[in-house]
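Structure first, then comments.
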Amino acid sequence: MDKGRKNIVITGAAGGLGQAFALSFAKRGAAIAAVDLADCAGTVALVREAGGECVGISADVTKGDSVAAMCARADAELGGIDGLVNNAAIYAGLKMAPFDQIDEKDWDLVFNVNVKGVWLCSKAALPYMKKRGGGSIVNISSASIFEGNPYFAHYVASKGAVWALTRSISRNVGEYGIRANSVTPGYTMTDASKGLAGDPESFKKNYEDNIAARAVKRAMEPTDVVGAVWFLLNDDSAFITGQNINVDGGSIHY
């Protein structure tokens, strides 16, 4: 594996956590492929304004052909793939409801993006990491899998599947010098999170309840997650695989 610059593919990079990852990792010397179904022009501009290297790629993580083309382009334009951050997920716009009131189409959509997307992207990136002699896959799960939110069963179950899938992938890829780990962020102040609670009063209560539950008594920002993900991407974590880092300010101890 190249001990110098890391070439990192980040899915779901048009905004939120994905955009924060792209900007932070580029400032640390990585070259970025910002991937999303939405336009990544804003992320590309931010990274380049900061002096970093970034290419925007449109891809649908639920479709194998699209993901294969995305990895081929990232490899060609960056000169290889060292890291993959599977961040793309259905979260914004989901309706909170008891599990027995979730629409079947919504359930299938969440699993298609949140779980199948992780599998397809990891599968597509694998040959390129093998070619580099190693690599790191970091899958973004969610601290909600420990909390068991009763009104978000499709999302919680999908993120639990991401955690389990990560552990299985790590057993497959270790012989190639490739690692797979996950990160479980807590309730993070992205635009998606702010819109999830619905009306301003519900958001305020959710916001305050989350802070009250933490050992670190403040709101959690996207920048709070980047350090853990970067650690798992770089060579400082070269002997860590199949593990999870929980980043939630001390809400959950497991």
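Each reported figure results from applying straightforward, stated rules to the coordinates on display, with no laboratory input. As the structure is a computational prediction, the values presented were derived from the model and not from experiment. All Cβ positions, even for glycine, are placed from backbone atoms using ideal geometry, and neighbour counts span all protein chains on display.
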Distance in nm between pseudo-label sites at residue 63 and residue 45 (7 Å out along the Cβ direction from Cα): 2.7
Cut-off of 10 Å, at most 11 other beta carbons, DSSP loop: longest stretch of the chain lacking such trypsin sites (Lys or Arg not before Pro): 4-216
Estimated FRET transfer efficiency when R0 is 30 angstrom, pair residue 101-residue 130 (beta carbons, to 0.05): 0.10
Cα-based reach from residue 130 at 25 Å (exclusive), listing lysines while leaving out same-chain residues under 8 positions away: 3, 6, 63, 116
Residue 209-residue 164 pseudo-label distance in nm [points 7 Å out on the Cα-to-Cβ vector]: 2.7
Value at 222 nm in deg cm²/dmol, rounded to 500, when DSSP H runs of n ≥ 4 in the chain each add -39,500 (n - 2.57): -14000 deg cm²/dmol
Pairs of Cα atoms farther than 19 Å apart, segment 103-159, %: 42
C-alpha long axis of helix 223-233 to longest principal axis of the chain, angle in °: 40
Alpha-carbon centroids, segment 49-108 and segment 137-153: separation in whole Å: 17
Stretch gain in nm, segment residue 240-residue 217, where the contour uses 0.36 nm per residue and the Cα spacing is subtracted: 5.3 nm
